[in-house]
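To start, the structure itself, in structure tokens.
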Amino acid sequence: MNIRKLKQEEIDLSISMSEFAFQLKLSEEQRQKRKETIDPSNTIVATENEKIISKVTILPFETTIQGKTFSMGGVSGVVTWPEYRRNGLVKTLLKRSLEEMKDNGQTISFLFPFSISFYRKYGWEIFADKKRVTLTKAQIPRFETQKGSIERVAPNFELLNSMYQRFALEFNGMLLRDKKWWEDRIFANLKGQIAVYYDEQNEAQGYIEYDVKERKMKISELVYLTTAAWKQLWNFISNHDSMADTVEYTTFSKDPALFFINEPLVDQNIEPYFMARIVDVKEFLSMYPFDLKDEETIVLHIEDSFCNWNTGTFFVSNNEVKQFPASKEGVSCSHPPKRGITCSVRSLAAMLLNYQTPSILLQFEEITGAKKEVTLLERAIPGKDPAFFDFF
């Protein structure tokens with residue numbers, strides 16, 4: 001077996017592998033468009049006798065975590081031909097991918113799992129849920145009309161991205177979209193309309209992507225920068241009551257809208273969506289904006305059986321992050337201190353992206369440490385909630 005990068009002339013085969021694995025059938029136009037967007041250097045393949053038998057694609061992205069920008073490797077297109085499965089090919093490719101991400105400065109990785117338990121074995125953990133809500137028109141919230149106006153607009157990268165980027169900074173894990181992503185993924189797949197709310201000063205403060213068909217209104221994205229924008233966009237939704245009997249709304253798990261519904265007993269479903277993995281613990285901790293006083297230090301004993309460069313003890317203070325690697329004999333530290341919090345790289349991601357709190361993980365024995373130290377860690381983690389609106 002040989003591990004190498006995908007070649008330009010193999011892009012068609014790579015697309016065919018994905019079609020087979022994910023049970024898709026692309027039209028010729030869709031296939032051609034996909035070929036134009038694929039960079040073969042982002043895909044690692046395993047070959048046997050020069051035949052591709054497995055592949056993994058790492059897409060270069062940026063994400064926002066606690067208000068800071070992190071380079072992120074998006075794992076996509078994980079495919080092995082059925083006759084070669086259960087031979088450890090994906091494990092091998094994931095390991096190579098993580099090594100490459102580390103070399104490229106991508107300190108964190110996201111993926112959409114076909115199996116959560118499978119990717120947990122390799123250090124990924126859930127960080128964002130998706131909520132699907134169905135409202136009857138009687139349940140749609142209605143507010144006092146806000147000053148300003150709402151206008152339908154054509155796809156416009158500068159207009160929409162300026163709002164989306166500011167909105168994304170309020171969450172952990174949101175994709176920082178570039179122009180190519182908007183054009184190839186958002187606008188190319190748009191079904192329906194885009195409407196923008198402008199305030200009294202004619203400043204764009206929010207938008208909605210929606211479609212109305214067969215008496216059903218589907219909201220695929222709702223972004224707002226002010227409370228007035230949020231209220232007026234919901235008023236805009238309610239104004240479709242003569243056209244739609246129900247509204248289907250896809251959003252993040254802690255969306256506040258349901259609290260303001262007169263009858264919040266609505267049809268809703270929350271399910272795990274994307275997973276995250278810290279690729280380089282030391283670099284990630286060095287960039288992470290812990291809220292610590294000058295005299296405070298957090299001690300973390302990290303266990304990462306898949307990426308041994310992460311295993312060890314980390315002293316985190318306002319000024320620096322010091323790493324003491326584990327001994328060669330195992331995962332314990334060469335000179336472990338008498339204090340600190342012990343956790344897996346999975347639990348670390350769940351805590352730092354605010355998907356789970358340290359106190360909850362301590363209660364359920366996912367981490368260990370003195371209550372005082374766990375309380376300090378929890379207090380030092382800023383309070384932004386996780387969310388992820390995209391797919392790859």
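The values are calculated or read from the model by the stated rules, or taken from the named source; none is laboratory data. Every value quoted in this text rests on a predicted model; they were computed, and no experiment measured them. Cβ placement follows ideal geometry from the backbone for every residue including glycine, while neighbour counts extend to all protein chains displayed.
Filter the stretch 107-134 for residues that are among the basic types (K, R) and part of a strand (DSSP E or B); which is nearest to L59 (Cα to Cα)? I'd like the intermediate steps shown before the answer.
Applying the first criterion (among the basic types (K, R)) to the stretch 107-134 yields 120-121, 130-132.
Right, trim to part of a strand (DSSP E or B) and you get 130-132.
Working: K130: 22, K131: 25, R132: 27 Å.
Only one residue tops the list, namely K130.
Identify, by number, the condition in (1) in contact with a Phe, Trp or Tyr (Cβ under 8 Å, 6 or more places away or on another chain); (2) polar (S, T, N, Q); (3) in contact (Cβ under 8 Å) with a residue 60 or more places away in the chain that T37 doesn't meet.
Evaluating T37 over (1) in contact with a Phe, Trp or Tyr (Cβ under 8 Å, 6 or more places away or on another chain); (2) polar (S, T, N, Q); (3) in contact (Cβ under 8 Å) with a residue 60 or more places away in the chain leaves (1) as the failure.
Could you count how many residues in the stretch 83-117 are among the basic types (K, R) and without any contact (Cβ under 8 Å) to a residue 40 or more places away in the chain?
Matching residues across the stretch 83-117 total 3.
Can you tell me which residue in the stretch 258-281 is farthest from V316 (Cα to Cα), limited to those that are under 22 Å from the mean Cα position of the chain (by Cα) and surrounded by fewer than 19 Cβ atoms within 10 Å (Cβ to Cβ)?
First, the residues of the stretch 258-281 that are under 22 Å from the mean Cα position of the chain (by Cα): 268-281.
Checking which are surrounded by fewer than 19 Cβ atoms within 10 Å (Cβ to Cβ) leaves us with 268-272.
Numbers: Q268: 40, N269: 38, I270: 34, E271: 33, P272: 30 Å.
The selected residue is Q268.
Considering only residues that are assigned to a loop (DSSP other than H, G, I, E, B) and of a type in the set (A, V, I, L, M), look in the stretch 135-150 and name the one that is nearest to the chain's Cα centre (by Cα).
Selected residue: I140.
In this structure, does K95 turn out to be at pLDDT 95 or above, within 18 Å of the chain's Cα centre (by Cα), not in a loop (DSSP other than H, G, I, E, B) and not hydrophobic (A, V, I, L, M, F, W, C)?
In short, no.
Looking at this structure, is T69 under 25 Å from the mean Cα position of the chain (by Cα), loosely packed, with under 14 Cβ neighbours inside 10 Å, assigned to a strand (DSSP E or B) and not aromatic (F, W, Y)?
On the way: under 25 Å from the mean Cα position of the chain (by Cα): yes; loosely packed, with under 14 Cβ neighbours inside 10 Å: yes; assigned to a strand (DSSP E or B): yes; not aromatic (F, W, Y): yes.
Answer is yes for this residue.
Residue by residue, here is whether (1) in contact (Cβ under 8 Å) with a residue 60 or more places away in the chain; (2) in contact with a strand residue (DSSP E or B) (Cβ under 8 Å, 6 or more places away or on another chain); (3) among the small types (G, A, S); (4) under 30 Å from I38 (Cβ atoms) holds:
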residue	(1), (2), (3), (4)
R185	yes, no, no, yes
A188	yes, no, yes, yes
V196	no, yes, no, no
Q205	no, yes, no, no
E209	no, yes, no, yes
K213	no, no, no, no
S220	no, yes, yes, yes
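Is there a residue in the stretch 22-39 that is part of a helix (DSSP H, G or I) and in contact with a strand residue (DSSP E or B) (Cβ under 7 Å, 6 or more places away or on another chain)?
No, that holds for no residue.
Among the residues of the stretch 103-130 satisfying the criterion of being of a type in the set (K, R) and surrounded by fewer than 18 Cβ atoms within 10 Å (Cβ to Cβ), which is farthest from P272 (Cα to Cα)?
Within the stretch 103-130, the first condition is being of a type in the set (K, R), and the residues that meet it are 120-121, 130.
Of the ones still in play, those that are also surrounded by fewer than 18 Cβ atoms within 10 Å (Cβ to Cβ) are 120-121.
Working: R120: 13, K121: 17 Å.
Restricting to residues being of a type in the set (K, R) and surrounded by fewer than 18 Cβ atoms within 10 Å (Cβ to Cβ), the top hit is K121.
Just to be sure before I move on: is K33 within 18 Å of the chain's Cα centre (by Cα) and either aromatic (F, W, Y) or surrounded by fewer than 19 Cβ atoms within 10 Å (Cβ to Cβ) (or both) in the structure I sent?
Details: within 18 Å of the chain's Cα centre (by Cα): no; either aromatic (F, W, Y) or surrounded by fewer than 19 Cβ atoms within 10 Å (Cβ to Cβ) (or both): yes.
So K33 does not fit the description; no.
Tally time: how many residues in the stretch 328-346 are surrounded by 14 or more Cβ atoms within 10 Å (Cβ to Cβ) and either of a type in the set (A, V, I, L, M) or at pLDDT 65 or above (or both)?
Step one: filter the stretch 328-346 for residues surrounded by 14 or more Cβ atoms within 10 Å (Cβ to Cβ), giving 331-333, 336, 340-346.
This time we only want the ones that are either of a type in the set (A, V, I, L, M) or at pLDDT 65 or above (or both), so: 331, 340-346.
Looking only at that region, the number is 8.
Being outside any helix (DSSP H, G or I) and buried (at least 18 other Cβ atoms within 10 Å of the Cβ) narrows it down to one residue among T64, T47; which is it?
T64 is the lone residue from the list that is outside any helix (DSSP H, G or I) and buried (at least 18 other Cβ atoms within 10 Å of the Cβ).
From the list F167, F157, which one is in contact with a Leu (Cβ under 7 Å, 6 or more places away or on another chain), among the aromatic types (F, W, Y), touching a residue at least 12 places away in the same chain (Cβ under 8 Å) and in the same structural domain as D184 (by TED's automatic domain parsing)? Explain how you work it out, then say what you get.
Details: F157 fails: in contact with a Leu (Cβ under 7 Å, 6 or more places away or on another chain).
That would be F167, the only listed residue that is in contact with a Leu (Cβ under 7 Å, 6 or more places away or on another chain), among the aromatic types (F, W, Y), touching a residue at least 12 places away in the same chain (Cβ under 8 Å) and in the same structural domain as D184 (by TED's automatic domain parsing).
Could you list all residues from the stretch 297-311 that are within 20 Å of R120 (Cβ to Cβ) and in a loop (DSSP other than H, G, I, E, B)? If you could, list the steps in order and put the result at the bottom.
Going residue by residue through the stretch 297-311, those that are within 20 Å of R120 (Cβ to Cβ) are 300-311.
Selection gives D304, S305, F306, C307, T311.
If I ask for residues that are within 18 Å of L225 (Cα to Cα), surrounded by 13 or more Cβ atoms within 10 Å (Cβ to Cβ) and touching an Asp or Glu at 6+ places or on another chain (Cβ under 7 Å), which ones from the stretch 131-150 would you list?
Once the filter is applied, which keeps residues that are within 18 Å of L225 (Cα to Cα), surrounded by 13 or more Cβ atoms within 10 Å (Cβ to Cβ) and touching an Asp or Glu at 6+ places or on another chain (Cβ under 7 Å), the stretch 131-150 yields only G148.
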